[in-house]
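To start, the structure under review is shown below, and the notes come after it.
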Amino acid sequence: MVETDLMHRIMEAVSKRGCLVFRSNVGKVRTPDGRWFDTGLPKGFPDLFGFLPRSGRIFFVECKVKPNKPTPEQVNFLHVARSLGAIAFVAYSIEEVEHALDDAAWADFGLAIQDPYEDESDTELWMKLFCWASTMKRELYECLQTIRREGAKLIPDPKYGLRIIPGEDKAHYKNGSQVLYKYRYELIDELAWLAKRRS
């Protein structure tokens, strides 16, 4: 399957769920008379964007077929969109899109994001991490909240940018580590992004 086929199948699947979805074309093309036409969208803008039914929450989907990976501009756009509260991700299958939109729907009922340790030096980073996690799977958000309540900290890391270290109650962290491992690639990307924006 090529990415265009995946894109069309995703559009059909999300439309059946009541979403309003659009395909975006990014770049410049030369017209027959030799002039350049620019689509007006920034470099890195995802393949698809649309709105969830009822809530109207916006989503962005970058469609990829393995082993293809998103460009740095695409990764940057998705990070910025998520930091602003949008649902934004790379999808390699229709199922990934369906799961992401289903999981995002739980947040549409109203989510109060708060750091249990509001006066700590890493509170701002945790709040950004919680905001990002609220656009992901619910189990990841709840796991991060649990380990933070148990005293987990975010510290600088030379390899990954930032690292989560457990608090005094290592048992909760150990239980949560299975969830963290499940989302390790997304979490590593987000921690690196937060560290980069911090410096």
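The values are calculated or read from the model by the stated rules, or taken from the named source; none is laboratory data. What you see is a predicted model, and the numbers here were worked out from it, not measured in a lab. Please note: Cβ atoms are built from the backbone with ideal geometry, for glycine as well, and neighbour counts cover all protein chains shown. The protein model used for the area step is the full one, side chains on, heavy atoms only, and it has no ligands, DNA or RNA in it. Shrake-Rupley method; radii C 1.70, N 1.55, O 1.52, S 1.80 Å.
Descriptive notes on the structure:
- Residues within the stretch 23-65 that are surrounded by 10 or more Cβ atoms within 10 Å (Cβ to Cβ) and at pLDDT 85 or above, tallied: 23
- Strands (runs of 3 or more DSSP E) wholly inside the stretch 1-109 containing at least 2 residues that are more than 27 Å from residue 196 (Cα to Cα): 20-23, 28-30, 36-38, 48-51
- Some residue of the stretch 159-169 being of a type in the set (Gly, Ala, Ser) and out of contact with any Lys or Arg (no Cβ under 9 Å at 6 or more places or on another chain): no
- Of the residues making up the stretch 187-196, those that are more than 17 Å from residue 152 (Cβ to Cβ), modelled with pLDDT of 90 or more and charged (D, E, K, R) number 1.
- Tally, over the stretch 168-186, of residues that are at pLDDT below 85 and open to solvent by 80 Å² or more (accessible area, probe 1.4 Å): 4
- When 139, 124, 190, 150 are checked against the criterion of being free of Cβ contacts under 8 Å to residues at least 24 places away in the same chain and surrounded by 15 or more Cβ atoms within 10 Å (Cβ to Cβ), a single residue qualifies: 150.
- For the stretch 66-84, taking the residues that are open to solvent by 70 Å² or more (accessible area, probe 1.4 Å) and in contact (Cβ under 8 Å) with a residue 40 or more places away in the chain, the one that is farthest from the chain's Cα centre (by Cα) is identified as 68.
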